[in-house]
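Asker: I'd like to ask some things about the structure below.
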Amino acid sequence: MDLNDGLFSQNGRCGYVLKPGFMRDHDKRFDPDLPQKRDDYHPIVLTIQVISGQQLPKVNIKEDSIVDPLVRVEIHGVLMDQAKQETRYIENNGFNPLWNDTLRFNIHTPELALVRFVVEDYDKTSKNDFVGQFTLPLSCMQQGYRHIHLLSRDGTRISPSSLFVHVRITDLE
């Protein structure tokens, strides 16, 4: 559901997003398996430096529990663009974790790509616990230093939890 919410966040959540021009042109056929065959093919490199987090919530009910946060960045789009990368986890620091990890993604169809940030509480012995997430279309991402305000599983804001990142978009050479 968060991918759906992220997709429709670009137009004020009105429930309608216009397809990119290459998908609306009746004279041309878009093949998601071969996006490089398009006339207007412009692949990009998305570089996200995950710098820090602020005031991440505890996920366990135990009072002495401290979050060991890690950030996973996922790219959703055509099959060629699907990717996931993670930062390392920071032990016992949910208040102000500092990663400074850089993640790079080659994206061949940026018009259809969604970028999802997921924060999890690392656990050595079992599955990581969900802390927060945020999804937005790549076309809506602005370059530079940004705060990403985290949402819960049901899409409500987890105030004041956020990630501090630096976004850079360049042409793929």
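The values are calculated or read from the model by the stated rules, or taken from the named source; none is laboratory data. What you see is a predicted model; the values in this text were computed from it and never measured. We place every Cβ from the backbone using ideal geometry, glycine too, and count neighbours over all the protein chains shown.
Asker: Looking at residue 9, is it small (Gly, Ala, Ser), part of a strand (DSSP E or B) and over 23 Å from residue 172 (Cβ atoms)?
Answerer: Criteria not met by residue 9.
Asker: Return the pair list, or none, for Cβ contacts closer than 9 Å from residues in the stretch 1-25 that are closer than 19 Å to residue 134 by Cα and hydroxyl-bearing (Ser, Thr, Tyr) to residues that are surrounded by 11 or more Cβ atoms within 10 Å (Cβ to Cβ) and at pLDDT 85 or above, at least 6 apart or on different chains.
Answerer: 9/135; 9/136; 9/137; 9/140
Asker: For the stretch 119-151, name all the residues that are out of contact with any Leu (no Cβ under 9 Å at 6 or more places or on another chain), surrounded by 15 or more Cβ atoms within 10 Å (Cβ to Cβ) and at pLDDT 95 or above.
Answerer: Across the stretch 119-151, the qualifying residue is only 151.
Asker: Something else about it: Among the candidates 51, 66, which residue alone is of a type outside the set (Lys, Arg), part of a loop (DSSP other than H, G, I, E, B) and either in contact with a strand residue (DSSP E or B) (Cβ under 8 Å, 6 or more places away or on another chain) or over 23 Å from residue 146 (Cα atoms) (or both)?
Answerer: Going through 51, 66 in turn, just one is of a type outside the set (Lys, Arg), part of a loop (DSSP other than H, G, I, E, B) and either in contact with a strand residue (DSSP E or B) (Cβ under 8 Å, 6 or more places away or on another chain) or over 23 Å from residue 146 (Cα atoms) (or both): 66.
Asker: Related question: Suppose the filter is touching a strand residue (DSSP E or B) at 6+ places or on another chain (Cβ under 7 Å), part of a loop (DSSP other than H, G, I, E, B) and modelled with pLDDT of 90 or more; does residue 56 pass it?
Answerer: When the stated conditions are applied, residue 56 passes them.
Residues are listed down the side, and each one gets a yes or a no for (1) of a type in the set (D, E, K, R); (2) surrounded by 16 or more Cβ atoms within 10 Å (Cβ to Cβ); (3) in contact with a helix residue (DSSP H, G or I) (Cβ under 6 Å, 6 or more places away or on another chain):
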site	(1), (2), (3)
44	no, yes, yes
56	no, yes, no
79	no, no, no
84	yes, no, no
89	no, yes, no
100	no, no, no
105	no, yes, no
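Asker: What about residue 75, is it crowded, with 18+ Cβ neighbours inside 10 Å and of a type outside the set (Phe, Trp, Tyr)?
Answerer: Taking the combined requirement at face value, the residue satisfies it.
Asker: Kindly provide the set of residues from the stretch 54-95 that are in contact with a Phe, Trp or Tyr (Cβ under 7 Å, 6 or more places away or on another chain) and of a type in the set (Ser, Thr, Tyr), ordered by number.
Answerer: 87, 89
Asker: Evaluate the stretch 69-86: report whether one residue or more is in a strand (DSSP E or B) and among the basic types (Lys, Arg).
Answerer: yes
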